[in-house]
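Q: Once you've had a glance at the structure underneath, I'll fire off some questions.
The values are calculated or read from the model by the stated rules, or taken from the named source; none is laboratory data. Fair warning: this is a prediction, and the values are worked out from it, not measured in the lab. Every residue, glycine as well, gets a Cβ built from its backbone with ideal geometry; the counts of neighbours run over all protein chains shown.
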Amino acid sequence: MNNVVTAENLGKCYGDLRALKGVSFSIAEGECCGFLGHNGAGKSTTMRMIYGLSTVDEGRLTVLGRSVRLTPPDIKSLIGVVPQEDNLDPDLTVAENLEVYGGLFGLRRREAAERTRELLAFMGLEDKTRARVDELSGGLKRRLVIARALINRPRLVVLDEPTTGLDPQARHLVWQKLRTLKAEGVTLILTTHYMEEATQLCDRLLVMHEGTILAEGSPRQLIERHTLPWAIEVLVPLEQVPPGLNDKVTEAGGEVLQVVDGLFLYAADGEALWSRLGSWGLSPHACFLRPANLEDVFLKLTGKGEED
Amino acid sequence: MGALRVLNRHLRVFGRTWQHSAMFNVIEPLLYLAAFGFGMGALVQDIEGMSYLEFLAPGMVTLSAMYAATFECSYGTFVRLQYQKTFLAMLAGPVTARDVILGEMLYGTLKSALFGTVILAVVAALGLIRSPQALAIPLLLALQGAVFAALAMWYTAYISNIDYLNYYVTLAVLPFFLFGGLYFPVSTLPAWVQAANYLNPLFHSVEVCRALALGQAAAGLWLHVGLLVAIGALVLPAPLRLMEKRLIN
Ligand SMILES: Nc1ncnc2c1ncn2[C@@H]1O[C@H](COP(=O)(O)OP(=O)(O)O)[C@@H](O)[C@H]1O
Ligand SMILES: [Mg+2]
């Protein structure tokens with residue numbers, strides 16, 4: 001079997017709101033696939049369908065070889081889930097959270113205790129074994145949720161915004177652990193609105209926007225296909241930008257993108273465009289030349305920048 | 001099977017917190033027993049051949065059982081559902097929404113039987129139980145517990161705010177125990193209240209409980225047991241369906 005998840009024309013309505021408008025994708029075994037999109041794009045809705053918290057009302061969804069309307073327990077027993085919102089059990093200690101969750105998967109008590117020790121070590125939580133959940137910082141909580149998702153040695157792990165709200169250090173630690181999992185052959189599906197996370201971790205990305213998939217490909221492919229290779233950020237207020245600049249850039253073979261109050265210029269040859277900015281009345285000191293990246297693709301496709 | 005795994009989580013928590021729940025579930029009925037038993041007991045003559053304390057004791061046993069199931073499957077369930085998101089966490093594992101809710105009700109049932117039995121042991125030690133037939137009471141308490149767990153879960157499935165649980169306590173639970181024949185014989189009540197009591201699970205339970213405590217087991221009691229089973233069976237599907245709809249969307 002090569003495809004772990006296949007979706008054909010998935011649709012979902014919440015009352016009058018069409019949260020998913022016919023989404024199709026497939027995810028291969030061993031791959032790390034990222035869903036990139038703003039809040040409300042429909043990422044969590046898609047994830048919830050995969051891990052059995054939401055019904056498939058329109059379209060078809062195949063998870064681990066089985067066509068599902070609501071992912072059943074025997075399929076769920078092969079999946080690990082990191083939900084968007086931490087839902088650790090505050091009535092239990094750190095270790096108990098894992099042990100009890102192991103029990104839910106039918107692990108015997110000793111097995112669950114053993115697996116708990118392994119996972120606490122893996123996620124660097126050994127010295128928190130007996131701590132209460134509400135004593136943990138946000139980063140530690142997130143690590144515990146990830147550990148919990150691994151209790152059943154899943155073949156597929158679904159991570160809904162695994163690092164939102166974490167500081168950079170904690171984020172790097174999580175990335176490192178996810179790379180280890182991937183190296184072990186675990187299929188990873190994650191959602192994010194961090195471009196860096198998507199670039200660092202994912203083999204393939206699906207850019208979601210308002211319930212549809214706008215583009216798909218590796219980070220590199222997306223940049224090649226959807227934007228020119230060089231970007232110039234214009235760092236002056238829009239009203240100080242010389243009139244007619246847009247036309248001049250376009251005539252020179254470049255592209256202009258205005259997102260809210262920001263102005264971005266794109267070119268096949270960045271140096272060449274850069275060197276002409278002065279003659280168009282724009283001080284090069286107020287401009288920043290860099291290679292185009294995923295954020296540019298995202299800006300262009302969705303017309304909005306990265307969220308904090 | 002899934003429901004038992006869910007129950008396992010609750011038992012793990014119970015292992016840590018039983019002292020607190022015991023405080024609440026055991027002390028309160030005993031306070032009632034002391035206040036009414038000694039206070040009222042001094043004024044009231046024997047009721048149907050029992051001292052007032054003997055009359056009251058089975059009522060306090062069933063009251064404790066009702067509290068345990070009711071509070072677990074209302075406040076307890078609501079907190080896990082709405083604030084702690086425990087159910088969503090469980091549902092990502094290999095269980096269904098039905099398993100999760102059945103597991104909740106099993107826990108309520110078990111606590112009901114347990115705390116009712118604790119009160120039973122206390123009143124037995126006080127010499128208020130006359131017959132070994134009372135050994136069957138824990139089974140009755142489990143049945144009663146299941147009925148009250150289902151009722152509380154049904155109401156909890158509807159509400160969006162924890163404050164609404166007060167309505168259930170005031171408008172359902174309170175009349176159940178005030179008019180259910182716990183503190184005085186129902187024969188003193190107007191005929192229509194007596195008739196309405198056939199819908200009151202606590203009334204059926206306390207009738208059976210009192211008969212067993214006195215050693216007066218009789219075939220007629222099966223009517224009460226049967227009605228308890230019927231109420232439970234009628235109510236049970238609703239909370240399962242409502243909670244499933246609430247959890248899976
Ligand atoms: N249970 C729900 N009830 C009603 N609307 C919902 C529900 N879940 C999600 N939505 C709506 O569906 C849209 C997509 O949400 P979601 O999948 O959570 O997006 P994302 O995870 O990409 O931020 C949003 O507009 C959100 O408000
Ligand atoms: Mg989301």
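Q: Being at pLDDT below 95, among the aliphatic types (A, V, I, L, M) and out of contact with any His (no Cβ under 8 Å at 6 or more places or on another chain) is the requirement here; does B:Leu53 meet it?
A: Details: at pLDDT below 95: yes; among the aliphatic types (A, V, I, L, M): yes; out of contact with any His (no Cβ under 8 Å at 6 or more places or on another chain): yes.
When the stated conditions are applied, B:Leu53 passes them.
Q: Another question about this same structure. Go through the range B:76-97 residue by residue and tally those that are touching a residue at least 60 places away in the same chain (Cβ under 8 Å) and more than 7 Å from chain A (Cβ to nearest Cβ).
A: Looking only at that region, the number is 7.
Q: Restrict the check to the range B:233-243 and report whether at least one residue is of a type outside the set (Val, Ile, Thr) and within 14 Å of another protein chain (Cβ to nearest Cβ).
A: Yes, that holds for at least one residue.
Q: How do the helices (runs of 4 or more DSSP H) wholly within the range B:42-141 filter down when requiring 3 or more residues that are under 14 Å from the mean Cα position of the chain (by Cα): which remain? Please lay out each step first, then the result.
A: Working: elements: B:52-71, B:86-91, B:97-125.
Once the helices (runs of 4 or more DSSP H) in the range B:42-141 are filtered for at least 3 residues that are under 14 Å from the mean Cα position of the chain (by Cα), what remains is B:52-71, B:97-125.
Q: Within 16 Å of ligand 2 (Cβ to nearest atom), facing another protein chain (nearest Cβ under 9 Å) and farther than 16 Å from A:Met208 by Cα: does that describe A:Tyr101?
A: no
Q: Of A:Leu70, A:Leu61, A:Leu17, which residue is away from ligand 2 (no atom under 16 Å from the Cβ) and either loosely packed, with under 15 Cβ neighbours inside 10 Å or within 14 Å of chain B (Cβ to nearest Cβ) (or both)?
A: A:Leu70
Q: From the residues in the range A:149-175 that are of a type in the set (S, T, N, Q) and at pLDDT below 95, which one is nearest to ligand 2 (Cβ to nearest atom)?
A: Of everything passing the filter in the range A:149-175, A:Thr164 is nearest to ligand 2 (Cβ to nearest atom).
Q: Here is a further query. Please work out which residue is surrounded by the most Cβ atoms within 10 Å (Cβ to Cβ), limiting yourself to the range A:20-43 and to residues that are within 14 Å of ligand 1 (Cβ to nearest atom) and closer than 22 Å to A:Arg220 by Cα.
A: Result: A:Leu36.
Q: Collect the residues in the range A:28-58 that are of a type in the set (D, E, K, R), more than 16 Å from ligand 2 (Cβ to nearest atom) and touching a Ser or Thr at 6+ places or on another chain (Cβ under 8 Å), keeping them in residue-number order. Walk me through how you get there before you give the answer.
A: First, pick out the residues of the range A:28-58 that are of a type in the set (D, E, K, R): A:29, A:31, A:43, A:48, A:57-58.
Then keep just the ones that are more than 16 Å from ligand 2 (Cβ to nearest atom); that gives A:29, A:31, A:57-58.
The answer is A:Glu29, A:Glu31.
Q: Among (1) touching a residue at least 24 places away in the same chain (Cβ under 8 Å); (2) within 27 Å of the chain's Cα centre (by Cα), there is one condition A:Thr129 misses while meeting the rest; what is its number?
A: (2)
Q: Now a separate question. Consider A:Arg110 carefully, then state whether it is more than 16 Å from ligand 1 (Cβ to nearest atom), more than 8 Å from chain B (Cβ to nearest Cβ) and within 25 Å of the chain's Cα centre (by Cα).
A: When the stated conditions are applied, A:Arg110 does not pass them.
Q: Of all residues in the range A:46-58 being in contact with a helix residue (DSSP H, G or I) (Cβ under 7 Å, 6 or more places away or on another chain) and more than 17 Å from A:Ala149 (Cα to Cα), which is farthest from the other protein chains (Cβ to nearest Cβ)? Can you show your working first?
A: Initial filter on the range A:46-58 (in contact with a helix residue (DSSP H, G or I) (Cβ under 7 Å, 6 or more places away or on another chain)): A:51-54, A:56.
Okay, now just the ones that are also more than 17 Å from A:Ala149 (Cα to Cα), so A:54, A:56.
Details: A:Ser54: 6, A:Val56: 11 Å.
If we take residues in the range A:46-58 being in contact with a helix residue (DSSP H, G or I) (Cβ under 7 Å, 6 or more places away or on another chain) and more than 17 Å from A:Ala149 (Cα to Cα), then A:Val56 is farthest from the other protein chains (Cβ to nearest Cβ).
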